[in-house]
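Worksheet for the structure shown next.
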Amino acid sequence: MKEKNVLWEFFTSVKLAIFTFLALAATSIIGTIIPQNEPFGFYVENFGPRWATIFKYLNVPDMYHAWWFVSLLVLFSLNLIACSLDRIPNVVRILRKDNLAVDIERLEKRGKNRRLLSALPLEQAADKLRGLLAGSGWSFASRERDGGVLFFAEKGGWTRFGVYTVHGSILVIFIGAIIGSIWGYKASVMIAEGTSTDQVYARDERHTPIPLGFRLRCDRFLLTYYANGMPKDYISDLSVIKDGKVVLQKRIEVNDPLQYAGLTFYQSSYQPIDNQYVIYLKNTTSGAFQNFIVMPLRQMRWEEENVAFGIVERRNPNMLGQYQHKIWFSDGKGSPVSFWVSENQPVRLERPGATYTVEVKQRFATGLQVAKDPGVWPVYIGCTLMLLGLAVVFFMSHRRIWIWVRPEPQGGGCRIVLSGNANKNRDGLEKDLDKIESLLNSSNELQVQGG
């Protein structure tokens with residue numbers, strides 16, 4: 001008698017699978033409820049010194065990288081691999097089994113057999129049956145057995161591997177998660193309008209700088225409001241600059257990020273820059289355009305257009321939070337003028353020989369969350385495999401059908417016995433048997449009738 005391998009039995013245990021699965025689910029809930037990667041003071045303030053110390057000891061603030069959480073993942077993975085290796089050989093034996101060597105007496109005694117009679121002798125009935133079944137879409141094999149002929153066919157044998165596809169998909173997802181945790185990172189950065197950066201800052205206590213390998217510029221930030229004055233949406237126009245050239249431009253907003261070089265930049269926050277504004281000037285006659293960062297009561301010049309301008313006064317915001325700015329403007333043609341401009345509301349200015357549009361807005365810094373996750377494609381592949389595996393497990397089955405043809409002792413002719421087996425979805429098997437029975441009953445050459 002073969003001795004039991006205690007270690008192997010431990011890793012192939014269903015109890016171990018249930019324990020690790022529930023432990024991972026419970027700890028994942030904890031990691032969702034408790035904010036991650038916050039400074040220690042945050043946990044002291046929100047949970048108290050005692051719990052904050054326990055969290056630090058167990059590495060709860062960075063739980064998904066904690067040694068004990070990774071150990072649970074490894075244990076669950078080993079359990080999946082061991083269970084699969086333990087059971088796959090049995091599946092292979094079932095698929096390689098000689099189904100024409102089945103015990104015929106057991107086939108005839110099955111309660112849900114279909115029994116038919118044919119007036120043809122055995123050899124003719126078997127030949128007609130071969131031709132009939134060849135055009136039915138089933139691939140049949142046959143063998144002479146015990147004075148008769150036994151036919152066998154099967155469909156969906158490969159579906160027995162569906163559950164192991166699910167096992168494999170979980171492992172692929174874990175591999176993707178590990179790749180992302182080792183070579184990926186999450187960071188953030190604030191970029192003022194009109195400026196660029198070539199680095200972001202890790203979400204750790206030191207805010208470690210991380211070089212991008214290119215420059216990211218914020219060309220413009222837009223803030224829209226609801227009718228009650230609450231912020232509605234915030235949008236950033238970003239440019240990616242590589243080797244001094246703009247290689248990509250995109251307007252991003254919440255849930256519509258910029259992706260470049262394996263990095264994803266999400267719109268996450270914004271911050272007004274005190275006492276700084278952006279003025280957009282365009283000569284609609286010539287098409288010339290320029291934007292300027294302006295401080296109140298300071299004169300600015302647009303040299304190419306020989307234009308001087310500045311903000312000389314500011315009014316309190318309206319219901320939408322929009323300020324009004326009084327602009328002084330001179331282009332050396334006619335007398336200087338002053339006029340009021342509401343934020344984000346362009347004003348048309350007619351001057352001798354040219355027409356300008358003037359737009360004023362508060363200057364903002366856009367807050368971006370940055371994510372690098374090289375394991376995202378393995379995760380996507382794993383999720384796809386899981387969906388396919390689950391579809392196979394729940395909606396497909398391995399169906400096997402036998403047709404036993406033997407001479408009828410009394411009255412001549414032969415008896416035909418239909419029998420089947422399925423590892424699941426017995427209703428589907430019954431439908432297959434009904435179809436084959438209808439096929440035989442519809443054959444005038446075979447001359448069958450219910451027996």
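What follows draws every value from the coordinates through simple rules; no lab data is involved. All of these numbers come straight from a predicted model, not from anything done at the bench. Note that each Cβ is placed from the backbone with ideal geometry, even for glycine, and that neighbours are counted across all protein chains shown.
Across region 7-20, rounded Karplus estimates of 3J(HN,Hα) from the backbone phi angles (6.51 cos²θ - 1.76 cosθ + 1.60, θ = phi - 60°) give 5, 5, 5, 5, 6, 9, 6, 5, 4, 5, 4, 5, 4, 5 Hz, Gly and Pro being marked x.
Our note on the geometry: Cα centres of region 1-67 and region 406-432, 55 Å apart.
Backbone amide hydrogens, once placed in the peptide plane, bring HIS398 within less than 5 Å of ASN423, LYS424, excluding anything fewer than 5 places away on its chain.
Relative to one another, the C-alpha centroids of region 313-387 and region 232-276 are positioned 13 Å apart.
Largest first, the extents of the alpha carbon coordinates of region 6-93 on the three principal axes equal 61, 22, 17 Å. Relative to the longest principal axis of the Cα atoms of the chain, the long axis of helix 67-96 lies at roughly 30 degrees. Highest mean packing comes first when the peptides 334-347, 148-161 are listed by Cβ atoms within 10 Å, giving 148-161, 334-347.
Taking every C-alpha pair closer than 8 Å and separated by at least 6 residues, the mean separation divided by the residue count of the chain gives a relative contact order of 20 percent.
Sorting the segments 95-103, 272-280 by their mean number of nearby beta carbons within 10 angstrom, highest to lowest, gives 272-280, 95-103. Our estimate of slack between ASN423 and PHE10, defined as 0.36 nm per intervening residue step minus the Cα-Cα distance, is 146.0 nm.
The string of couplings for region 163-180 from the Karplus curve (6.51, -1.76, 1.60, θ = phi - 60°) is 5, 7, 5, 4, 4, x, 5, 5, 5, 5, 4, 4, 4, x, 5, 5, 4, x Hz, one whole number per residue in order, with x for Gly and Pro.
Its Cα gyration tensor gives region 142-198 an equivalent ellipsoid; the semi-axes, largest first and in whole Å, are 62, 13, 6.
The fewest-to-most ranking of VAL14, VAL163 by surrounding Cβ atoms within 10 Å reads VAL14, VAL163.
What label, among [x] 38.8; [y] 25.1; [z] 21.6, belongs to mean projected area of the Cα convex hull in nm² computed from the structure on display? Given [x] 38.8; [y] 25.1; [z] 21.6, the calculated one carries the label [x].
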